[in-house]
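Report on the structure given below.
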Amino acid sequence: MDRRTTWRQYTDLLDQYLRPQGRRMALLLSFFLIELMLRLANPQLVRHFLDSVATQEPLRQLLLVAGLFTLVAIAAEGLRLAVTYVAEQVAWTATNALRADLADHVLRLDLGFHKRHTPGELIERVDGDVNQLANFFSQLLVELGGNSLLVIGVLLLLWREHWLVGLSITAVSFLGVLVLNWLRRLTVPRWQAVRQTDAQLFGYLEERLTGSEDLRSSGATDYALYRLYPLLGERLRRTMHAMRVNIFVMSLPNFIFGLAYIAGHVLGYRYFLDGTLSIGSVYVVFYYVDVIRSPLWALTRQIEDLQRATASINRINDLRAERPSIHNGPGVTVPNGPLGVHFDAVSFHYDDEPETAVLHNLDFRLEPGRVLGLLGRTGSGKSTLTRLLFRFYDPTSGAIRLLGHNGPTFDLRQATLSQVRRHVGLVTQDVQLFRASVRHNLTLFDDTIPDAQVWAVAEQVGLADWLAALANGLDTKLETGTAGLSAGQAQLLAFARVFLANPGLVILDEASSRLDPATELWIERAIDDLLTDRTAIIVAHRLATIQRADEIMILENGRIAEHGPRSHLAQDTNSRFYHLLQVGLEGMSE
């Protein structure tokens, strides 16, 4: 067994996802055991038939035995069909539950994890690795155990015929099991390496296919293919590395079966000549030796499946072992109305770049109901600052506090994550749509928001005419990305989401920069409404956007270079903001 995968890990996984299907598993096991007993019993009927012929029993008795043999064979095949049907139900139920749990786990991991892993890689981990476990959850362990029992049953029956026959066939089978177990230890890490390469390959493909328009427009298609070839070559190399051992695994049953068949023929023929075994007993010996061939082949295939499943289980366990660094706080009472912000000596660096601080000792206070215009060149830390407010990351040092007009001040880490996301809203230039109804895209799957409120907000932001023109209104299905929507419509939809959530603190990342002039008029009115009785931070790249700001903050290399009332800084000829007003904000985007 792979050192990393203990029987406890197997049993924990099986217990978690098969226990809820206890009745179905009991039915599956019952069908399989009955089928197994029928397969072992049928040769005994043949033996009885042959011995009856040899002793010249009546024809009626022979026909009775033959009819019983036929019925048992038909019943065994019917049970085999039932086993396959129930096993598939077990497999799909278990793997779907595991996929859902893994997807939920991945979605709860923080941005640091997603920064290290591409979406394509995670899809392969959540779906590809779980697909390898479909047989593991259904027939693999049942058949692995069942075929093992079949071999044991055959050996016991051979011992019953003659101890030397049983001993020789047992010795050959035991040798095969030892060699198979040794080969399995070699193959598991090799198949695990193949699965890891698949994840890297799919991650690369996902990124390049997502950016296919940019690749084609910039003439970089050949370069993308050039970078693909080493990944394909690595996948081929690792697959061949695993298959070299698999050749021995696949050929082993032929060797073992050959030895067992030789032993059966030699001993069976010898004991038939001296009268120890009857003609029926000799048939049973030959038949059972031949029966061993099928479970040995099956065991080989199942051992290979188990090897692949073990590699996937290791990777799934690695994924499940990942823990978010952002944890729920105990929960606080969040005051209604606008929420102020206090950055108290906040510094931050990413975990994978501890030597490079992104923010340095930020210390400022934004009172409830005020609007802050946040400026800075690329890499100054504007986006990082907004991510901290959503607790996508926590400060490396210092604290971020929220405060209301009348409510208590609290550290952001004291609130639950759901409280933070409910009371802090974000509108960016990039709008993500989901393959769901317009209603769910607007409410973000919050079924407590009534349709009347959705229509009122749509009217407010200028989406009412678009909604009215849809064939099924709010029930119209949208595709992922922004397919079927103009950039302006997608941006309006993002504003509608924030209006429906009604947060006390809003972050606008130049949310109107992609809009045409007509649509921007709607957004300008909507922004005025959105900023009423709310606190806002506007990450601005254009002069027109910051005219609403009460305060201006300029970041430079993660530090506050300037902070003060907009009107005062605009009139101070020595301020950075005054200089920016004179030359424009070009180059300030991040």
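Quick look at the numbers
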read-out: Residue satisfying all of: in region 558-590; among the charged types (D, E, K, R) and assigned to a helix (DSSP H, G or I); modelled with the lowest pLDDT among these; value: R576
read-out: Selected residue [at pLDDT below 70, in the same structural domain as V172 (by TED's automatic domain parsing) and either in a helix (DSSP H, G or I) or in contact with a Leu (Cβ under 7 Å, 6 or more places away or on another chain) (or both)] from P253, P230; value: P253
read-out: Among residues of region 428-437, those that are more than 22 Å from the chain's Cα centre (by Cα) and farther than 15 Å from F499 by Cβ, counted; value: 4
read-out: Some residue of region 47-54 being within 48 Å of the chain's Cα centre (by Cα) and either buried (at least 16 other Cβ atoms within 10 Å of the Cβ) or of a type in the set (A, V, I, L, M, F, W, C) (or both); value: no
read-out: Complete set of residues in region 386-414 that are small (G, A, S), touching a Leu at 6+ places or on another chain (Cβ under 9 Å) and at pLDDT 90 or above; value: G398, A399
read-out: One residue from T310, T333 being assigned to a loop (DSSP other than H, G, I, E, B) and either modelled with pLDDT of 70 or more or surrounded by fewer than 22 Cβ atoms within 10 Å (Cβ to Cβ) (or both); value: T333
read-out: Those residues of region 85-105 which are loosely packed, with under 14 Cβ neighbours inside 10 Å and of a type outside the set (D, E, K, R), in sequence order; value: Y85, W92, N96, A100
read-out: Qualifying residue in region 338-347 (condition: touching a residue at least 60 places away in the same chain (Cβ under 8 Å), in a loop (DSSP other than H, G, I, E, B) and either closer than 30 Å to F499 by Cα or touching a Phe, Trp or Tyr at 6+ places or on another chain (Cβ under 6 Å) (or both)); value: yes
read-out: In region 442-477, residue farthest from the chain's Cα centre (by Cα) [restricted to those that are assigned to a loop (DSSP other than H, G, I, E, B) and among the small types (G, A, S)]; value: G462
read-out: Matching residues in region 478-496 - criterion: being part of a loop (DSSP other than H, G, I, E, B), more than 20 Å from A526 (Cα to Cα) and not polar (S, T, N, Q); value: L478, E479, A483, G484
read-out: Residue list for region 519-569, filter: more than 19 Å from D509 (Cβ to Cβ) and crowded, with 20+ Cβ neighbours inside 10 Å; value: L569
read-out: Filtered residues of region 72-126 (kept if at pLDDT 85 or above and among the acidic types (D, E)); value: E77, D101, D104
read-out: Checklist (1) at pLDDT below 80; (2) part of a helix (DSSP H, G or I) applied to G219, failing item; value: (2)
read-out: Residue in region 350-361 that is within 18 Å of V332 (Cβ to Cβ), modelled with pLDDT of 85 or more and buried (at least 16 other Cβ atoms within 10 Å of the Cβ) present; value: no
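The values are calculated or read from the model by the stated rules, or taken from the named source; none is laboratory data. No experiment lies behind these values; they were computed from the predicted model shown. All Cβ positions, glycine included, derive from the backbone under ideal geometry; neighbour counts span all protein chains shown.
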